[in-house]
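The values are calculated or read from the model by the stated rules, or taken from the named source; none is laboratory data. A quick note: this is a predicted structure, and the numbers were derived from the prediction, not measured. All Cβ positions, glycine included, derive from the backbone under ideal geometry; neighbour counts span all protein chains shown. All accessible areas refer to the heavy atoms of the entire protein, side chains included, with ligands and DNA or RNA removed. Shrake-Rupley method; radii C 1.70, N 1.55, O 1.52, S 1.80 Å.
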Amino acid sequence: MAKIAVLGYGTVGSGVVEILDANAESISKKAGQPIEVKSVLDLRDFPGDPIQEKIVHDIDLVINDDEIDVVVEVMGGVEPAFTFVKRALEAGKSVCTSNKALVAAHGAELLAMAKERSLNFMFEASVGGGIPIIRPLNQALTADEITKITGIMNGTTNYILTKMSNDGSSYEEVLKEAQALGYAERNPEADVEGYDACRKIAILTSLADGRTVNFEEITTEGITKISNEDFAYARKLNSVIKLLATSYRKDGKVYAITAPFLIDTTHPLYNVNGVLNGIYVNGNMVGDVMFFGAGAGKLPTASAVVGDIIDCVKHKGTNVCVIWDDEKLELAPTRDEVRSFFVRVKGNASDTAMVKEQFGDVEIITVDGLDNEFGFITDRMTEEAFDKAASNVDMISRIRIDDTKLQ
Ligand code: HSE
């Protein structure tokens, strides 16, 4: 019998307990032994819930319990999670976590601590919820050099953008609805400003490269400025607007960005809608691979955590090697990235001289009902050249275009 402790009895923690109970028999077979939740750390009590008899309020009761082999950290946030995870590893316990903030900030250090002690630090649920993406990068795709990762990695913002696209509702209306449905937090900043997706692409890029990406250095823009007018143009262009978290390697340099992008029907992520996530990976040998499914939610996320728990139990005494050093990966500057841009400018569509002077003979796009403005798509150009040209026109907004295609 393997005994575990769960830190945090919130959405994911209660999902972990539920799955270990519901699938106890098959999990026992796959782990080689039954897995029992011995204690659950939470500040709260849960009177009437069978979990109450396992609730503890003191982390020392977990750390000092020699029967506990695996600690499951599903509290979220960097502290006190980081301190608790370090203490668990120091005490000889493997750790599984769904906490992307923790992994993005301290992944390399915690992996090294686990390796030194022949333990494991696993974090499949930290990116893409229930979608397997960490293990594929660490195991199935290690023959390849990963050349590109592009994903819709945040369910909340994908829900909002999909609703805006389909229903024509405003950002504010859809955000309120998403909050009422529990898809968006009361304080939605981490999702809508792109911080959550930024941490996820930092984790995946670090794993793909083997060095640490500082998530604070990734250019990150959220979706709060995306408007119905932007979607009106997108529809005319047979396109949608998605928050993409992306990184790629070119000429020995690695670029990364999290921002809204316009993508057309031929893009592999065009049909990833609602709260679903999708992640496209290109390897230099395997070519294109796609991962798709539930990127958030109680049971999908807990499913990934329980998969890690089983792996930790199976590998007791053996470190499953993950290459992610604390050596820093310097990202190439976003200003050097080359792409096309969709631009909206103020003015009359018959008076495009200034736009054409700056951007060449671009095709002018107009939308019925949107007077005194027009749009156009630039040729491919660097971000730096775009910013310079855009400063000479009366720009309302611009959205980058991602032209990833399945090859
Ligand atoms: N807030 C995140 C999302 C949860 O919306 O995708 C999963 O990381």
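So the values come out like this:
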quantity: Percent accessible area from carbon and sulfur atoms, segment 160-268, protein chains only, probe 1.4 Å; calculated: 42
quantity: Restraint check, LYS86/LYS148; LYS54/LYS93; LYS148/LYS328; LYS93/LYS115; LYS100/LYS250, Cα-Cα greater than 22 Å; calculated: LYS86/LYS148; LYS100/LYS250
quantity: Reachable lysines, given that their alpha-carbon falls under 19 Å from the alpha-carbon of LYS346 and they are not under 8 places away in the same chain; calculated: LYS225, LYS236, LYS356, LYS388
quantity: Magnitude of the charge dipole, the chain, Cβ model with Lys/Arg +1 and Asp/Glu -1, debye to 20; calculated: 760
quantity: Fluctuation leader among GLY278, GLY375, GLY129 - the chain, Gaussian network, Cα springs under 10 angstrom; calculated: GLY375
quantity: GNM flexibility winner over the chain from ALA125, ALA190, ALA101 (Cα, springs under 10 Å); calculated: ALA190
quantity: Rounded percent of accessible protein surface that carbon and sulfur make up, segment 1-55, 1.4 Å probe; calculated: 51
quantity: Cα centroid of segment 118-180 to Cα centroid of segment 333-400, whole Å; calculated: 30
quantity: For segment 236-295: Kirkwood Rh in Å [reciprocal of mean 1/r, alpha carbons]; calculated: 12.9
quantity: Heavy-atom accessible area per residue - the chain, 1.4 Å, Å²; calculated: 44
quantity: Diffusion constant of segment 96-208 at 4 °C, which comes from Stokes-Einstein with the Kirkwood Cα-pair radius and 1.567 mPa s, µm²/s; calculated: 83
quantity: FRET E, pair MET290, ASN372, Förster distance 41 Å, beta-carbon r, rounded to 0.05; calculated: 0.50
quantity: GNM top mover of VAL240, VAL17, VAL70 - the chain, alpha-carbon springs below 10 Å; calculated: VAL17
quantity: Within the chain, percent of DSSP bridges classed antiparallel, to nearest 5; calculated: 65
